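This report concerns only the one structure given below.
The values are calculated or read from the model by the stated rules, or taken from the named source; none is laboratory data. Only a predicted model underlies this, so the values are computations on that prediction, with no experimental measurement involved. Glycine gets a Cβ as well: all are built from the backbone with ideal geometry, and neighbour counts include every protein chain shown. Please note that ligands, DNA and RNA were not included when accessible areas were found on the heavy atoms of the full protein model with its side chains. Shrake-Rupley method; radii C 1.70, N 1.55, O 1.52, S 1.80 Å.
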Amino acid sequence: MKQRLIVATNNRHKAEEIKEMMMDLDFEVLSLADIGIDVDVEENGTTYAENALIKAMALRDLTDGWILADDSGLEIDALNRQPGIYSARYLGEDTPYMIKNSMILDKLMEAEDRSARFVCSIALVFEDGSYWITVNKCEGSISESIAGINGFGYDPIFIPEGYSQTFGVLPSEIKNKISHRAKALQAVVQYCKLLAEESYV
Ligand code: IMP
């Protein structure tokens with residue numbers, strides 16, 4: 001029987017991205033929508049890893065199979081690594097990102113250091129409650145102006161290292177190779193492959 005893996009996200013885009021990356025594995029990858037669960041877990045951890053684990057553990061009580069959950073955010077060095085784990089809530093949960101991004105650019109007007117990074121942690125929780133966690137980063141800098149419509153959130157003000165354009169301008173194929181989430185997913189896929197090869201699945 002195929003190993004069942006539940007992706008603990010309400011974000012359809014994220015779930016599809018993860019399903020695609022896990023395609024090589026002989027797993028039954030299902031999103032929350034696929035199994036008809038709609039929960040909103042309070043992320044009250046103090047780190048990305050803790051929040052990812054809180055989300056995954058909350059789901060473990062509701063369904064069978066392995067659970068995969070992620071947590072991510074943007075760290076801006078000139079702002080003491082804010083917004084960090086509060087990225088979704090920063091400057092108001094309902095404030096449009098166009099406004100949030102322009103407020104961030106205003107805050108950085110005088111900043112000499114524009115370095116920043118996206119961080120993503122993914123937790124994989126097994127049926128017996130044991131777990132495996134990865135934390136991955138995508139280093140870069142905050143642009144001088146808002147640019148592009150690709151991606152979401154802070155993408156129009158984030159320029160990844162080695163590029164001169166924001167994630168908002170760069171094609172999704174590039175982001176999907178070098179982003180914090182892509183790297184974390186690659187680590188998960190590699191770990192799951194190892195488990196499958198060693199017949200732990
Ligand atoms: P979550 O991990 O889905 O809770 O995301 C937290 C927040 O971090 C998002 O709402 C965005 O504000 C920000 N964020 C995380 N990943 C990205 C990304 O790839 N691009 C832009 N913003 C991101």
Residue in region 50-63 that is away from the ligand (no atom under 13 Å from the Cβ) and within 20 Å of Met1 (Cα to Cα) present: yes
Could you list all residues from region 46-82 that are in a loop (DSSP other than H, G, I, E, B) and either surrounded by 22 or more Cβ atoms within 10 Å (Cβ to Cβ) or modelled with pLDDT of 95 or more (or both)? Thr46, Thr47, Asn80, Arg81
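Quick one: would you say Ala33 is surrounded by fewer than 17 Cβ atoms within 10 Å (Cβ to Cβ) and of a type in the set (A, V, I, L, M)? I'd like the intermediate steps shown before the answer.
Numbers: surrounded by fewer than 17 Cβ atoms within 10 Å (Cβ to Cβ): yes; of a type in the set (A, V, I, L, M): yes.
When the stated conditions are applied, Ala33 passes them.
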Out of region 95-111, which residues are open to solvent by 20 Å² or more (accessible area, probe 1.4 Å) and either of a type in the set (A, V, I, L, M) or at pLDDT 95 or above (or both)? Thr95, Pro96, Tyr97, Met98, Ile99, Ser102, Met103, Leu105, Asp106, Lys107, Met109, Ala111
Which one of Ile18, Ile76, Ile85 is in contact with a Gly (Cβ under 6 Å, 6 or more places away or on another chain), within 14 Å of the ligand (Cβ to nearest atom) and among the hydrophobic types (A, V, I, L, M, F, W, C)? Ile85
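Evaluate the following for Gly168: is it near the ligand (Cβ under 10 Å from one of its atoms), modelled with pLDDT of 95 or more, farther than 13 Å from Phe118 by Cα and not in a helix (DSSP H, G or I)? Let's see the steps before the verdict.
Working: near the ligand (Cβ under 10 Å from one of its atoms): yes; modelled with pLDDT of 95 or more: yes; farther than 13 Å from Phe118 by Cα: yes; not in a helix (DSSP H, G or I): yes.
Taking the combined requirement at face value, the residue satisfies it.
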Of the numbered conditions (1) in a loop (DSSP other than H, G, I, E, B); (2) open to solvent by 70 Å² or more (accessible area, probe 1.4 Å); (3) of a type in the set (A, V, I, L, M, F, W, C); (4) farther than 26 Å from Leu194 by Cα, Met1 fails exactly one; give the number of that condition. (4)
Looking at this structure, is Ile157 open to solvent by less than 30 Å² (accessible area, probe 1.4 Å), under 29 Å from Thr46 (Cα atoms) and within 18 Å of the chain's Cα centre (by Cα)? yes
Restricting region 171-201 to residues that are more than 11 Å from the ligand (Cβ to nearest atom) and among the small types (Gly, Ala, Ser), which is nearest to Gly73 (Cα to Cα)? Ala187
Considering only region 112-133, I want to know if a residue exists there that is farther than 27 Å from Ala58 by Cβ, open to solvent by 30 Å² or more (accessible area, probe 1.4 Å) and assigned to a strand (DSSP E or B). yes
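Looking only at region 36-45, which residues are under 25 Å from Val119 (Cα atoms) and either in contact with a Gly (Cβ under 7 Å, 6 or more places away or on another chain) or open to solvent by 30 Å² or more (accessible area, probe 1.4 Å) (or both)? Steps first, answer last, please.
Keep residues of region 36-45 that are under 25 Å from Val119 (Cα atoms), which gives 39-45.
The answer is Val39, Asp40, Val41, Glu42, Glu43, Asn44.
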